[in-house]
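Structure first, commentary second.
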Amino acid sequence: MNAPAEAPLYVQPFGEALLQGLRRQPRAVPPKYFYDAAGSALFERICALPEYYPTRTEIGLLQRHAREMAECIGPAADLVEFGAGAQRKIRLLLAALARPARYVPVDVSAQHLHAHARALAAELPALVVLPWVADFSAELVLPQPPPGARRRVGFFPGSSIGNFTPEEAVQFLRRCAVALAGGGLLVGVDLVKDPAVLHRAYNDAAGVTAAFNKNLLARANRELGARFDLDGYFHHAHYDPRAQRIEMHLVSARRQQVLVCGERFGFDEGDALHTEHSCKYTVPGFQRLAREAGLQPQAVWCDDAAWFSVHWLAAPPV
Ligand SMILES: C[S@@+](CC[C@H](N)C(=O)[O-])C[C@H]1O[C@@H](n2cnc3c(N)ncnc32)[C@H](O)[C@@H]1O
């Protein structure tokens, strides 16, 4: 049973989200809270895992088709990358693009964002880089385009769009249709495939995904003084074929209680906290969502195994 705190405490946004997520049934916390500096570093390790095919498959598509993608984007674009992370994939596009007007990497993980934006700006001194700490799951508030920019183009790799439910994805794409009017969105989308491949990707042998998942609890201990016993929860990821999505949970290994921001929460053995889902799409299924949101699918690139796709979606005219 959950006992309210005796005295009201100041709660940070992560704390508020965690409290709300622990109070509801089923318990769930949005995946953006994985990403503090430690979570971002763990995600970088996931990208290098042999089981984690999405990163290398999408990089392969960008390497092979960067020129065609650059033609869709056009010259003098104001490029906005949603969830930019280590800003590795954008380098492949930048190498093929004609005089980008600016690059705006957007991320919630501020320290990681700024460190990688500084490195990119040092590497490409002619490029204007403007790191922008913001939450792309909320209203899209972006900086004014710089003088000389011909159009605004979004880049959303990593299949992060799969972390939204399909309904949320349509809402996000609708916001893009407005924010990117006159330009478009280049978005990486993971595809429906053999569940065994998906299972391996989210249950790696080295346990890095498990550590990434548990970073949510470790972060609560660091930032909120919560007292989660990290050995008292285990990582669980499974594919739900009906919803076409991987679900990640933290599951309590025993009956236990935890104190978060002065509020006590009980877990029975097997009780789960839902931390992420990763929806998988077919190419026509994703294109339907894009059209529903007012974006026009104009090109799509897939690898030979049809594991991953990158879509060019044109936004309506200004
Ligand atoms: C799955 S990683 C992808 C990183 C990189 N784009 C790639 O393709 O490898 C998701 C990235 O988006 C950021 N992120 C997650 N949710 C976010 C949100 N709601 N708003 C802004 N950034 C977010 C994370 O900090 C992380 O850098």
Next on the checklist: Taking the alpha-carbon distance from K214 and a cut-off under 22 Å, which lysines remain once sequence neighbours fewer than 8 residues away in the same chain are dropped?
Outcome noted: K32
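Sort segment 106-216 into rounded, prolate or oblate with this rule: let a ≥ b ≥ c be the square roots of the eigenvalues of the Cα gyration tensor; rounded if a/c is under 1.5, and if a/c is not under 1.5, prolate when a/b is larger than b/c, oblate otherwise. Display every interim value, and only then the final one.
Working: a/c = 2.16, a/b = 1.42, b/c = 1.53.
It comes out oblate by the Cα gyration axes.
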Checklist outcome for this item: So, with points 7 Å from each Cα along the Cβ direction, the A206-Q20 label distance in nm works out to 3.5
Next on the checklist: I'd like the orientation of helix 37-47 relative to the chain: the angle between its Cα long axis and the longest Cα principal axis, in ° from 0 to 90, rounded to 10.
Outcome noted: 60
Checklist outcome for this item: The base-10 log of I(q)/I(0) that the Debye equation returns for the chain at q = 0.07, 0.09, 0.11, 0.14 Å⁻¹, one scatterer per C-alpha, is -0.29, -0.48, -0.71, -1.10
Checklist entry - Can you give the FRET efficiency for Q63 and K193, using 1/(1 + (r/R0)^6), R0 = 25 Å, r = Cβ-Cβ distance, to the nearest 0.05? => result 0.75
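Counting only heavy atoms of protein chains, what accessible area per residue, in Å², does the chain have with a probe of 1.4 Å?
Numbers: 14320 Å² over 318 residues.
Computed with neighbouring chains in place, this is 45 Å² per residue.
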Next on the checklist: What distance in nm lies between label points placed 7 Å from Cα along the C-beta direction at D304 and E123?
Outcome noted: 2.8
Item to check | lysines with Cα under 20 Å of K193, excluding same-chain neighbours fewer than 8 positions away | outcome: K280
Item to check | Vicinal HN-Hα couplings computed from phi for segment 157-165 (Karplus, 6.51 cos²θ - 1.76 cosθ + 1.60; Hz; Gly/Pro x) | outcome: x, x, 6, 5, 4, x, 6, 7, 5
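The values are calculated or read from the model by the stated rules, or taken from the named source; none is laboratory data. As the structure is a prediction and not an experimental result, all values here were calculated from the model. For neighbour counting, all protein chains shown are included, and Cβ atoms are generated from backbone atoms with ideal geometry for every residue, glycine included. Areas reflect the complete protein model, heavy atoms only, side chains present, ligands, DNA and RNA absent. Shrake-Rupley method; radii C 1.70, N 1.55, O 1.52, S 1.80 Å.
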